[in-house]
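Inspection log for the structure reproduced underneath, given as structure tokens.
All of the numbers you see were taken from the coordinates with simple rules; none came from a lab. These figures come from a predicted structure and were not determined experimentally. Glycine also receives a Cβ, built like all others from the backbone with ideal geometry; neighbour counts cover every protein chain displayed.
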Amino acid sequence: MTETSLRTGRLILRQFVEADLRSVHEYASDPQVVRYVSFGPNSEEQTREFIHRAMAAAETPRTKYDFAVTLKDSGQLVGGCGLYLNDEQRQGYIGYVLHRRFWGQGYATELAGALVDFGFRILGLHRITAFCDPANAASARVIEKTGMRREGLMLQDAWVKGEWRDTLYFAILGEEWRASHA
């Protein structure tokens, strides 16, 4: 298993472990937290299955990097995030979810920036994308703060929780990211 962890000013993004079940289930079972994502609200068994899948994805070759988001100072788990690869195209997309007690404190922006940095600096990706529900204005702002530009709005392209939903798409190229970090 390949261990990967990322550090930011206030966060550590690390591999999920079995002991994370209770903390992950707190946010994964909260209807308000998962209202804009394709999963949830989770049963405890669904959360357990996610953790096991995330742990198994750490095998090589890696195509998924699922991270538990923890506070650097206390080690408290506050959410999850990931970078998911299409290795053949040297592309990836990011995603994230935080327990609602930790919304509005800049953590999502911090972890999203770390994922983009990891994708370009360490993995050498060509392009990174992200997407969100147009009603999730907070997530769209987070994505834009990583330097991604809005590339499009797909109308009713995702069947989520029994209804068709629109999706906003964002992206940044490696050369754009490098130019902004020179």
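Please go through segment 72-112 and write out the trypsin sites (Lys or Arg not before Pro) that DSSP classes as loop and that have at most 16 other C-beta atoms within 10 Å.
Within segment 72-112, the qualifying trypsin sites (Lys or Arg not before Pro) (loop, at most 16 other Cβ atoms within 10 Å) are LYS72, ARG90.
Kindly put ILE122, ILE12 in sequence by how many other C-beta atoms sit within 10 Å of each C-beta, fewest to most.
ILE122, ILE12
Counting other beta carbons within 10 Å of each residue's own, what order do PHE50, PHE39, PHE102 fall into, fewest first?
PHE39, PHE102, PHE50
Please list, in chain and number order, the residues 5+ apart from ASN42 or on another chain whose amide H is under 5 Å from its amide H, with Hs placed from the backbone.
Distant-sequence amide H within range of ASN42: SER29, ASP30.
Taking the alpha-carbon centroid of each part, what is the distance from segment 34-92 to segment 104-148 in angstrom?
If we compute the Cα centre of each part, the gap is 15 Å.
Can you give the calculated 222 nm mean residue ellipticity of the chain, where each DSSP H run of n ≥ 4 adds -39,500 (n - 2.57) and the sum is split over every residue, rounded to the nearest 500 deg cm²/dmol?
Working: 5 runs with 48 residues, N = 182.
Theoretical 222 nm ellipticity from helices: -7500 deg cm²/dmol.
Can you list the lysines whose alpha carbon is less than 30 Å from that of LYS72, not counting same-chain residues fewer than 8 positions off?
LYS64, LYS145
Which label belongs to the value computed from this structure, given these candidates for Cα extents along the principal axes in Å: (i) 42, 38, 33; (ii) 100, 50, 32; (iii) 53, 36, 32?
It is the value labelled (i).
Where does each of SER23, SER139, SER74 land when they are ranked from fewest to most other beta-carbon atoms within 10 angstrom? Mind showing how you got there, number by number?
Values: SER23 18, SER139 23, SER74 8.
Fewest-to-most Cβ neighbours within 10 Å comes out as SER74, SER23, SER139.
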